[in-house]
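J.: Questions regarding the structure given below will be posed in turn.
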Amino acid sequence: MIQADLPWSAIHTVLLDMDGTLLDLHFDNTFFQETVPQAWARQHHKSVAEAKQFLQEIYQTVEGTLAWYDLDYWSQQLGMDIPRLKEETAALIRAHPQTWTFLQRLHQAGLATHLVTNAHVRSLDLKLRHVPLAAYLTSIVSSHALGYPKEDPAFWPLLQAQIGFDPASTLLVDDSEPVLQAAQRFGLGFLRHIAAPSSTQPPQPSRQFVSVLRLDALLPGLVGQQS
């Protein structure tokens, strides 16, 4: 992790990831690594270890595609009500502690701030009910509405057409290196990596992008109303 300060006067649009960036990834990790395997094991009278091995193999076949994030896809594939399971474990959904200060400062500065997420619309709706982010956001975009995940180069021109932004003056904050790589290829001028997406796992700084542990590390220099 190196100097994270941003030239805020050159930034006109901010794109923010949700899971791992604004929200603690502990919920999603627990859900897919513990909750789903336990439920699948009960349903199929298998051990949790057997369930984890089976699910890991299935997960890997669609990782990095829209299907990986699609709750309806997983319900069909696994024969389980995945949205219901998420509802049952929703108490774990929480924002990173510094999220609110970060969003308030962006709002006070008058910056266009868009939530850009791979979360399926049913997952997005659930999380926004528990963590009311919308009041601070210019718009909320799910990649499922555009037909490509953020990791896919085809996503970015579609996003630009929908919300309108100049790549050179746009900041993306995300915990996924493949997403940041796709954004870099599209020409986004400012990229920051979140090294600690989960509060329960050790940080993993990026070797390619500037990493920060906390969103508030990006705030120095952000003052006043942007022109």
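J.: Of the residues in the range 101-118, how many are within 16 Å of the chain's Cα centre (by Cα) and either assigned to a strand (DSSP E or B) or over 26 Å from P149 (Cα atoms) (or both)?
T.: Qualifying residue count, the range 101-118: 5.
J.: Given the criteria touching a residue at least 12 places away in the same chain (Cβ under 8 Å) and charged (D, E, K, R), does R84 qualify?
T.: no
J.: Tally up the residues in the range 95-120 that are of a type in the set (D, E, K, R) and surrounded by fewer than 16 Cβ atoms within 10 Å (Cβ to Cβ), please.
T.: Of the residues in the range 95-120, the ones of a type in the set (D, E, K, R) are 105.
Then keep just the ones that are surrounded by fewer than 16 Cβ atoms within 10 Å (Cβ to Cβ); that gives none.
Number satisfying all stated conditions: 0.
J.: Which of (1) without any contact (Cβ under 8 Å) to a residue 60 or more places away in the chain; (2) within 25 Å of Q160 (Cβ to Cβ) does S75 not meet, given it meets every other one?
T.: (2)
J.: A follow-up question, please. Restricting to the range 86-100, name every residue that is within 20 Å of the chain's Cα centre (by Cα), of a type outside the set (G, A, S) and either within 12 Å of D28 (Cα to Cα) or in a helix (DSSP H, G or I) (or both).
T.: Hits for the range 86-100 are K86, E87, T89, L92, I93, R94, T99, W100.
J.: Any residue at all in the range 157-169 that is surrounded by 20 or more Cβ atoms within 10 Å (Cβ to Cβ) and under 22 Å from A196 (Cβ atoms)?
T.: Within the range 157-169 (the criterion being surrounded by 20 or more Cβ atoms within 10 Å (Cβ to Cβ) and under 22 Å from A196 (Cβ atoms)), the answer is no, since none of the residues qualifies.
J.: Is it true that P153 is in the same structural domain as A196 (by TED's automatic domain parsing), touching a helix residue (DSSP H, G or I) at 6+ places or on another chain (Cβ under 6 Å), touching a residue at least 12 places away in the same chain (Cβ under 8 Å) and surrounded by fewer than 14 Cβ atoms within 10 Å (Cβ to Cβ)? Walk me through it before giving the result.
T.: Details: in the same structural domain as A196 (by TED's automatic domain parsing): yes; touching a helix residue (DSSP H, G or I) at 6+ places or on another chain (Cβ under 6 Å): yes; touching a residue at least 12 places away in the same chain (Cβ under 8 Å): yes; surrounded by fewer than 14 Cβ atoms within 10 Å (Cβ to Cβ): yes.
Considered against the rule, which asks whether it is in the same structural domain as A196 (by TED's automatic domain parsing), touching a helix residue (DSSP H, G or I) at 6+ places or on another chain (Cβ under 6 Å), touching a residue at least 12 places away in the same chain (Cβ under 8 Å) and surrounded by fewer than 14 Cβ atoms within 10 Å (Cβ to Cβ), P153 comes out as yes.
The values are calculated or read from the model by the stated rules, or taken from the named source; none is laboratory data. Because the structure is predicted, anything quoted here is derived from the model rather than measured. As a convention, Cβ positions derive from the backbone with ideal geometry for all residues, glycine included, and neighbour counts pool all protein chains shown.
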